[in-house]
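Read-outs: derived from the displayed coordinates by stated rules, not from any lab. Nothing here was measured: the structure is a model prediction, and the numbers come from that model. Neighbour counts are summed over all protein chains in view; Cβ atoms, including those assigned to glycine, are modelled from backbone coordinates with ideal geometry.
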Amino acid sequence: MPNITIGTITIPYTIEERPRRQHPAIQIDAQKRVTVLLPPDYGLKEIEPLLHRKARWILKHLNSTQPLPSVPLKEFVTGEEFLLRGQLLRMKVQRQDKPPQVILEGRQILVTVPYIPSPQQPILVRELLTTWYQQEAQCLLPERIDLYSPIVGAAPARLKIAEYKSRWGFCRDDGLIALNWRIVQAPLSVIDYVIVHELTHRRYPHHRQTFWEAVRVILSDFETRKQWLRDHGAELGW
Ligand SMILES: [Zn+2]
């Protein structure tokens, strides 16, 4: 059985070819067995980089007690789909002899990369997409904070947008509100839930009933929005 070493942990896994799959996926079953599901003709050399990219997800779920759905892995190649504000966008990679860039054209994310050795291309595409999503987050999230601050009756002392391993946002005692840029992939209703949740913490720095009641006054359907994150959160973590 092949295995992969992540940090100090060695994890065995099995490989299964699935003729009808278009993209690879990792499955962790209730017995904590890791299976990599591959489309036909998938390069075996690509498996390890894929597992390393999902290392955080794998470790988290090997330690969790709940059975999990499989999470499709991104390869950062033409044809893959990404979310922005809940809208499905198709990604196209274009190799051109000009500076790398990411442009949104209708429902297509066009990523231009220079001619580089092909194993490096997905790494660069991922970096470019990350920067692009971070810019989208820097644009959208402060807008939603400004929209909901008067409604909640609280504003952040400071807003920070960054990447967090297992949190969509948090509110600190000193008034800092931090948001995970990855939340911009979620539908706007879900983004707004995270914004209202953190703003409400400025008034209620806990998760007691009074906190949830205050959230419900503003978003009566907040439970549905919260559930979306439970169901789809892992998909935003590429
Ligand atoms: Zn909270």
Could you check, for segment 65-83, whether at least one of its residues is assigned to a loop (DSSP other than H, G, I, E, B), on the phi > 0 side of the Ramachandran plot and not aliphatic (A, V, I, L, M)?
yes
Please verify whether Ile26 is surrounded by 18 or more Cβ atoms within 10 Å (Cβ to Cβ) and either aromatic (Phe, Trp, Tyr) or assigned to a strand (DSSP E or B) (or both), treating the condition exactly as stated.
yes
Please state which one of Gly79, Gly86, Gly106 is surrounded by 13 or more Cβ atoms within 10 Å (Cβ to Cβ) and small (Gly, Ala, Ser).
Gly86
Might you check whether a residue that is under 30 Å from Leu59 (Cα atoms) and away from the ligand (no atom under 16 Å from the Cβ) occurs anywhere in segment 140-153?
yes
Quick check: anything in segment 166-181 surrounded by 13 or more Cβ atoms within 10 Å (Cβ to Cβ), more than 16 Å from the ligand (Cβ to nearest atom) and either in a helix (DSSP H, G or I) or free of Cβ contacts under 8 Å to residues at least 12 places away in the same chain (or both)?
yes
Just the residues that are under 23 Å from His232 (Cβ atoms) and within 11 Å of the ligand (Cβ to nearest atom), please, taken from segment 202-216.
His207, Trp212, Val215
Being part of a helix (DSSP H, G or I), touching a residue at least 60 places away in the same chain (Cβ under 8 Å), among the hydrophobic types (A, V, I, L, M, F, W, C) and under 30 Å from Glu127 (Cα atoms) is true for just one of Val196, Val184. Which residue is that?
Val184
Mind listing whichever residues of segment 143-163 are surrounded by 15 or more Cβ atoms within 10 Å (Cβ to Cβ) and free of Cβ contacts under 8 Å to residues at least 60 places away in the same chain?
Arg144, Ile145, Ser149, Ala154, Ala155, Pro156, Leu159, Ile161
Would you mention how many residues in segment 182-201 are within 13 Å of the ligand (Cβ to nearest atom), of a type in the set (Ser, Thr, Tyr) and closer than 30 Å to Leu89 by Cβ?
1
